[in-house]
1. Would you check if SER81 is crowded, with 20+ Cβ neighbours inside 10 Å, under 30 Å from SER310 (Cβ atoms) and at pLDDT 50 or above?
2. Please give the number of the condition SER238 fails out of (1) at pLDDT below 95; (2) buried (at least 16 other Cβ atoms within 10 Å of the Cβ).
3. How do the pairs read when you match residues in the stretch 273-284 that are acidic (Asp, Glu) with residues anywhere that are at pLDDT below 95 and crowded, with 20+ Cβ neighbours inside 10 Å, using Cβ under 7 Å and keeping only pairs 6 or more apart or on different chains?
4. Which one of these does LEU165 not meet: (1) in contact (Cβ under 8 Å) with a residue 40 or more places away in the chain; (2) surrounded by 15 or more Cβ atoms within 10 Å (Cβ to Cβ); (3) in contact with a Phe, Trp or Tyr (Cβ under 6 Å, 6 or more places away or on another chain)?
5. Kindly list, by first and then second residue, each pair from a residue in the stretch 286-304 that is within 15 Å of PHE58 (Cβ to Cβ) to a residue that is polar (S, T, N, Q) and not in a strand (DSSP E or B), limited to pairs with Cβ atoms under 6 Å and residues at least 6 apart or on different chains.
6. Taking only the stretch 114-130 into account, find how many residues are modelled with pLDDT of 90 or more, surrounded by 16 or more Cβ atoms within 10 Å (Cβ to Cβ) and part of a loop (DSSP other than H, G, I, E, B).
7. Within the stretch 241-276, restricting attention to residues that are aromatic (Phe, Trp, Tyr) and in contact with a Leu (Cβ under 8 Å, 6 or more places away or on another chain), which residue is surrounded by the fewest Cβ atoms within 10 Å (Cβ to Cβ)?
8. Going by the conditions given, is LEU181 loosely packed, with under 15 Cβ neighbours inside 10 Å, more than 19 Å from GLN279 (Cα to Cα) and touching a residue at least 40 places away in the same chain (Cβ under 8 Å)?
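The values are calculated or read from the model by the stated rules, or taken from the named source; none is laboratory data. Here the structure is a predicted model, which means the values were calculated and not measured. A quick note on method: Cβ atoms are made from the backbone with ideal geometry, for glycine too, and the neighbour counts reach across all protein chains shown.
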Amino acid sequence: MTHEEHAGLRPGPVRRWRPAPWLALALLAATPAARAEEAVAAEPAAQSEDRAMWRGSFLSYRNSVSLNSFDRGAELTYDPSYLMGLELGPRLWFGDALYVRASLAMQVELTTADDTTYQHELVLGDLAVVAGLSKILTLPLVGVDVSFDLVLTTPTSKLSQARSLRVGFGPGLRLSRSFDLLAGLEVGYTLRFNGNLHRYTTSTSETASIVGCTATDGSCDPFRNSGLRNSQLRVVNSLDLSLAFLSWLRLELAYGLVLDWTYPFDDDGGSRQQRHGSQFDAALAFQALPSLGVALGLSTVSPQLAPDASYYNPFYNRYSLVYLDLRLDFGGLVEQLTREDGED
């Protein structure tokens with residue numbers, strides 16, 4: 001399966017796709033990192049004067065290996081995958097509920113890549129900017145907290161540029177409930193809609209299929225069409241759970257269902273193709289220091305159907321990755337340094 005086919009959650013040839021660390025962001029489903037940011041917002045309002053505006057800002061360094069790398073007989077051809085990635089996530093708070101954050105990731109594959117132009121190419125992801133209101137309302141009787149945000153995605157990645165994406169945007173609604181179990185249990189549900197605006201309804205190639213067609217007036221555009229239709233609308237339903245065994249140790253689970261609608265095949269808006277996919281993430285997270293978090297987990301992002309029309313196991317399949325994530329929290333770092341200076 002090619003990178004483009006998987007991004008559309010569409011079955012393709014039996015090839016390995018290189019999962020990117022920013023795909024979870026593209027799917028806009030709840031992830032352990034997102035729930036960690038919610039925990040920052042859950043601090044008592046009385047402490048707001050002592051909290052920095054940039055709390056929750058982070059730099060994440062991730063190493064990930066495909067599960068098939070550990071099994072030479074998993075597929076007809078042994079094709080291991082080892083990737084390293086960085087993600088920068090600055091955040092600014094305006095009070096206890098309103099915030100603005102951004103996210104930009106990049107990755108490099110240290111094994112032989114199937115989907116890059118040259119060996120060890122650094123691949124940039126899409127830049128996402130989010131404005132949100134965290135836990136602005138608590139539903140009476142049930143004690144459910146309500147959060148809302150709006151995501152704007154810009155096409156800084158080669159993949160989105162090949163899909164001629166101009167901009168992506170969409171609102172998200174999150175419901176969460178905390179329980180007094182062990183060191184704390186939180187269960188959440190997220191519903192998100194995401195619309196995309198493209199220049200073309202189908203993806204394009206870097207060069208035209210007609211040799212020598214180099215015109216810049218648009219006359220070569222029909223010969224750069226790949227035929228794969230872009231996704232115009234995406235809906236994500238996701239559930240997540242975070243159980244803290246100790247103040248520094250917690251288990252995080254997240255599962256999301258993704259439904260895409262492509263651009264219509266005709267002018268009357270009918271004949272839209274639907275694509276189904278899912279995302280699963282399970283992680284054991286450690287808070288080694290106030291400024292450093294460590295997570296060991298399993299992540300699976302896959303289409304619903306395999307090339308032979310059978311159903312993928314949504315929790316474990318050929319797209320599953322084992323990862324080790326190191327997360328530097330800037331707010332925690334400042335707090336740690338300030339505390340050490342005060343002790344001196």
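1. So SER81 fits the description; yes.
2. (1)
3. ASP281/THR31; ASP281/PRO32
4. It fails just one condition, (3).
5. PRO290/GLN336; SER291/GLN336
6. 2
7. PHE245
8. Yes: the conditions hold for LEU181.
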